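Here's the structure, in structure tokens; my notes come after.
Read-outs: derived from the displayed coordinates by stated rules, not from any lab. This is a predicted model, so every value here is computed, not measured. In this analysis, Cβ positions are derived from the backbone assuming ideal geometry, glycine residues included, and neighbour counts consider all displayed protein chains.
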Amino acid sequence: MTVRIAIIGGTGVYDPNILSDVHQKRLETPFGPAWVKIGTYRGREVAFMARHGEDHSVPPHLVNYRANIWGLRQLGVKNVFATAAVGSLNTEMKPKQFVFVDQFLDFTRSRVQTFVEKGVVHLDMTDPYCPELRSTLARAAQELEMEHHVRGTYVCTEGPRFETPAEIRMFRQLGGDLVGMTSVPEVVLAREAGICYATIAMVTNFAAGISPTRLSHQEVVDVMAENVGNLRRLVMRAIEL
Ligand code: HPA
């Protein structure tokens, strides 16, 4: 069987325990190794990759995005659901809600965003996140009666630090809704690889300066942990549709 669907698990999503007959595989790529677990769900082979490693040891700016996406392409993956914990800049997008983002603003600084090392490729970015997968997610969320937003602009920062309130005000003025540290270059590389890619952003907090309290990684992990069951149900329903 070929693996057509993959889940990239972000913060708080480290195991594929919805899958059965899981085996681990090390994928060799020109960009180094990538690790994936492959299992079955309702008769379909599904790959699972923990973006930060299963012990959350890899920070966002050091994730080997190229190896991960190249590895998934080598497996034959056509569709990727990526999960992401995000801060919100938009008071309509509240903690524990899901957002199926449709645009990004890139504020990363030191990440390679292409597989192409010779020649020139200018990739169209009109729809960076796959419209078909986004509408599948919207249907799944509707059926499951989960609070969600069908579009949103994800601001990707370099991290690993959180933002200053001044940065958050600037991002909001520029049209950002959410802030996180991983969607770029993951979505860009997936597009270059011809993979249909969608992000399921889960709001874990209001961003710095909007939240009345100081932000900590623990807070993000705790809110994610409270809602990871819903996230799982959402992804599984979307895979079925
Ligand atoms: N900023 C950046 N990344 C995040 C945040 C945030 O507020 N929350 C979860 N990931």
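FRET efficiency for the GLU117 to LYS96 pair, using the beta carbon distance and R₀ = 35 Å, is estimated at 0.25. For the chain, the longest piece that avoids every one of the GluC sites (Glu not before Pro) found in DSSP loops with at most 10 other C-beta atoms within 10 Å covers 146-241.
Within 14 Å, Cβ to Cβ, of ARG161, how many net charges do the neighbouring residues add up to if Lys/Arg are +1 and Asp/Glu are -1?
Overall, the nearby charge balance is -1.
Dipole of the chain computed with +1 at Lys/Arg Cβ and -1 at Asp/Glu Cβ about the Cα centre; of GLY53, VAL203, ILE69, farthest Cα towards the positive end is ILE69.
Relative contact order of segment 51-152, taken over Cα pairs closer than 8 Å and 6 or more residues apart, is 35 percent.
In this label model, ASN17 and THR2 are separated by 3.3 nm, measuring between points 7 Å along each Cα→Cβ vector. The residues ASP102, ASP21, ASP15, when put in order of fewest to most other Cβ atoms within 10 Å, stand as ASP21, ASP15, ASP102. DSSP beta bridges fully contained in segment 37-163 are about 40 percent antiparallel.
A cysteine counts as unpartnered when no other cysteine's C-beta lies under 4.7 Å of its own; in the chain this applies to CYS156. Take every DSSP beta bridge whose two residues both sit in segment 8-107; close to 80 percent of them are antiparallel. Here the extension length gained between LYS25 and HIS56 equals 9.3 nm, from 0.36 nm per residue of separation less the Cα-Cα distance. Of the three principal axes defined by the Cα atoms of segment 88-189, the extents in descending order read 47, 35, 21 Å.
Taken about its Cα centre, segment 114-241 carries a charge dipole of about 100 debye when Lys and Arg each add +1 at the Cβ and Asp and Glu each add -1 at the Cβ.
The trypsin sites (Lys or Arg not before Pro) found in segment 113-182 that occupy coil by DSSP, while having at most 16 further C-beta atoms within 10 Å, are LYS118, ARG151, ARG161. With each label modelled as a point 7 angstrom along the Cα→C-beta vector, the ASP124-ASN64 pair spans 3.3 nm. Placing unit charges on each Cβ (+1 for Lys and Arg, -1 for Asp and Glu) gives segment 88-186 a dipole about its Cα centre, and among GLN173, VAL101, THR153 the Cα reaching farthest toward its positive end belongs to GLN173.
Note on the chain: lysine pairs with Cα distance below 30 Å, sequence gap of 8 or more or different chains, count 7. About the centre of its Cα atoms, the chain shows a dipole size close to 300 debye [charges on the beta carbon of Lys, Arg (+1) and Asp, Glu (-1) only; nearest 20 debye]. Among beta bridges identified by DSSP and lying wholly in the chain, the antiparallel ones come to about 35 percent. As a proxy for reagent exposure, ranking HIS122, HIS217, HIS23 by other Cβ atoms within 10 Å from fewest up yields HIS122, HIS23, HIS217.
Measuring r between the beta carbons of SER211 and VAL150 and using R0 = 30 Å, the FRET efficiency lands at 0.75.
Taking the Cβ of each residue in MET125, MET93 as the centre, tally the other Cβ atoms inside 10 Å and list the residues starting with the fewest. It would help to have the intermediate numbers written out before the result.
Details: MET125 12, MET93 21.
Least to most surrounded, the residues fall as MET125, MET93.
Here the 3J(HN,Hα) profile of segment 10-24, calculated from phi with Karplus coefficients 6.51, -1.76 and 1.60 at θ = phi - 60°, is x, 3, x, 10, 10, 9, x, 6, 8, 9, 10, 6, 7, 10, 8 Hz, Gly and Pro shown as x.
Quote to one decimal, in nm, the extra length available between GLU158 and ARG109 on full extension: 0.36 nm per residue of separation minus the C-alpha distance between them.
17.0 nm
If you split all Cα-Cα distances of the chain into 5 Å bins from zero, what percentages do you get per bin, shortest first? Taking all Cα pairs of the chain, the binned fractions are 1, 7, 15, 20, 21, 18, 11, 5, 2, 0, 0 percent.
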